[in-house]
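Here's the structure we're looking at; comments come further down.
Since every read-out is calculated from the coordinates, none of them should be taken as a lab result. Computed from a prediction, not measured in an experiment: that's the story for all the values here. Cβ coordinates were reconstructed from backbone atoms using ideal geometry, including for glycine residues, and neighbour counts include every protein chain displayed.
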There are 2 protein chains.
Amino acid sequence: MPKTLRAALVQQDNKGDVTANQAHIAAMAAQAQAAGAQLLLLQELHNERYFCQTEDSDCFDLAEPVPGPSTEFLAGLARQHALVIVGSLFERRAAGLYHNTAVVLDSDGRLAGRYRKMHIPDDPGFYEKFYFTPGDLGFTPIQTSIGRLGVLVCWDQWYPEAARLMALAGAELLLYPTAIGWDRQDTPEEQQRQLSAWQTVQRAHAVANGIPVLSCNRTGFEPSPNPSDPGIAFWGHSFACGPQGELLAEAHTEESLLIADIDLARSEQVRRIWPFLRDRRIDDYPGLTRRYLDPE
Amino acid sequence: MPKTLRAALVQQDNKGDVTANQAHIAAMAAQAQAAGAQLLLLQELHNERYFCQTEDSDCFDLAEPVPGPSTEFLAGLARQHALVIVGSLFERRAAGLYHNTAVVLDSDGRLAGRYRKMHIPDDPGFYEKFYFTPGDLGFTPIQTSIGRLGVLVCWDQWYPEAARLMALAGAELLLYPTAIGWDRQDTPEEQQRQLSAWQTVQRAHAVANGIPVLSCNRTGFEPSPNPSDPGIAFWGHSFACGPQGELLAEAHTEESLLIADIDLARSEQVRRIWPFLRDRRIDDYPGLTRRYLDPE
């Protein structure tokens, strides 16, 4: 495993269809290689518009098997540019059985592993429970030539449990493809609170576990197919932080290829001064597997 | 339960002995009442210097039973000023059995409950494993006239598990008496990373659980009894944040009576837009009760 890792995060707006979006990804992969990156992290469901703004069974046509055409496309880029690539696909596992799945291609193009999004949201404009069956592969890091990657997806980012389980299973780095944005009807103050909360909770996963975090978010406004709905202004602000939650790089709302240098050796030092894993009260944690601890 | 709550946090330096420290606390309680506060949160081990900088069995003389003299002192203040008071004491439970214990006095002076620090640190200058037996009362909120308080202490603040268990047990507010500071031999950059990580991880407990957080830290430099040790520059920066982690009030390094208005009704709204508790994958969380998930 290299001690330092140069990561590139592709924050993009929707180009309209899979061909246009993949052309942009291919251009960014070439740029990432030129910049000396070893890792390329893509945003959630990068092939398409964010189709979960409505519940429409025709949208299942967008799903594809894994491995399948998009895995092959990403594998080709990985090989061509010697990049580990973390992508995010709409996986068709069987008729009527679909997942929100991250794929990891090693730098030789091999499919190193997949992660099926475990926590599935369902809010107005984010009707993911209609489309995605919750993952059944657990919180399992994926071994690659650059290290053991704890890949999680979007809504997972709000759950300290997910980050902790990845860390306990040996993840050296947490990576989040994500697609989160503002309801433009909210006040600027509420929008700022949401953006700050989103970044804070992920930086805290770095702190609590002593490992770096990369988060790659979609950007740009996408109208809803239902004209009475407000659409989503994806807020970008992809970022990388180190094992104390310290920001290393941050995008704004524009399209970006965000480059960040990650010192993987620092995690060892940080965990020595802050040995949180040593002192967990596992004898008193069984309540974490309960829905709620109702008063008796 | 009131919908809004005015909280007062007493961030102080060590005055030399219990009499002087308690005199300061009494003055702050009067000020807090004058400011309209209903809740007074004190810092960790507020009666004394932070004695854990060395391992010295004479320091067990500082411990006292709960209830005991300091509980009585705080109960008197609570009654006199109609304040719920959260204090932090060195509890002598039996010969050779001591705890780092938070006590909660309701506004009528009744001892509403106690919390024994569950996660015990041990680092150079913070030799707490020598002094404190880990708590055996679990993560149990304490019911008071102003709501159900999730009281945790210092090192607990780094553990998302502790915050989550308090929230699952119905805590409406998390409160941390704490004593954390800098090693002045660290670089300014490292000091800033530590302070920021400390605040980030606690604000994230607010975000992940949709409840406010109050954290009251010690301030001022305290030399070590061992002159070859660097001492600790407690960093203050006590703060209050709302259920999206948004800062409501923050002290600097000076002694402060920090006042914060907490809108307890907002938690309900925030949990409706961000229903994290709905989607926890409790079926896949049993690994959280393991020390580490060693590769098979």
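Some values worked out for this structure:
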| quantity | calculated |
| --- | --- |
| Paramagnetic reach from A:D17 (point 7 Å along Cα→Cβ, amide N under 19 Å) across the range A:185-229 | A:223, A:225 |
| FRET efficiency, B:E268 to B:E190 (Cβ-Cβ, R0 30 Å, nearest 0.05) | 0.15 |
| Amide H partners (placed H, <5 Å) of A:T144, local residues excluded | A:L149 |
| Shape call, chain B: gyration tensor on alpha carbons, a/c limit 1.5 | rounded |
| Dipole of the range B:4-278 [Lys/Arg +1, Asp/Glu -1 at C-beta], most positive-end residue of B:A8, B:L165, B:P225 | B:L165 |
| Those lysines that a straight Cα-Cα span of less than 30 Å connects to A:K3, excepting residues fewer than 8 apart in one chain | A:K117 |
| Gain upon complete extension [B:A34, B:S145; 0.36 nm per residue less C-alpha separation] | 38.0 nm |
| Separation of alpha-carbon centers, the range B:35-81 and the range A:223-270, rounded to whole Å | 43 |
| The range B:4-278 - percent relative contact order, Cα under 8 Å, separation 6 or more | 20 |
| Number of partner chain Cβ atoms within 10 Å, mean per residue of A:161-173 | 4 |
| Within 10 Å of each Cβ in B:242-251, the average number of Cβ atoms from other chains | 3 |
| Residue-wise HN-Hα coupling along the range A:282-296, computed from phi with Karplus coefficients 6.51, -1.76, 1.60 (Hz; x: Gly, Pro) | 4, 5, 10, 9, x, x, 5, 8, 9, 5, 7, 9, 4, x, 7 |
| The range A:4-278: antiparallel DSSP beta bridges as a percent of all, rounded to 5 | 70 |
| Distance in nm between pseudo-label sites at A:D136 and A:R291 (7 Å out along the Cβ direction from Cα) | 2.1 |
| Residue with peak Gaussian network fluctuation, chain A [Cα springs, cutoff 10 Å], from A:E91, A:E189, A:E48 | A:E189 |
| Beta bridges per DSSP with both ends in the protein assembly as shown, % antiparallel, nearest 5 | 70 |
| Integer Hz, Karplus 6.51/-1.76/1.60 couplings in order for the range B:116-124, x for Gly and Pro | 9, 2, 8, 9, 10, x, 7, 9, x |
| 3J(HN,Hα) from dihedral phi, the range A:36-53, Karplus parametrisation 6.51/-1.76/1.60, rounded to Hz, x for glycine, proline | x, 6, 10, 9, 10, 10, 9, 7, 5, 6, 5, 6, 9, 4, 6, 7, 7, 5 |
| Chain B: most fluctuating residue of B:D261, B:D56, B:D13 per GNM, C-alpha cutoff 10 Å | B:D56 |
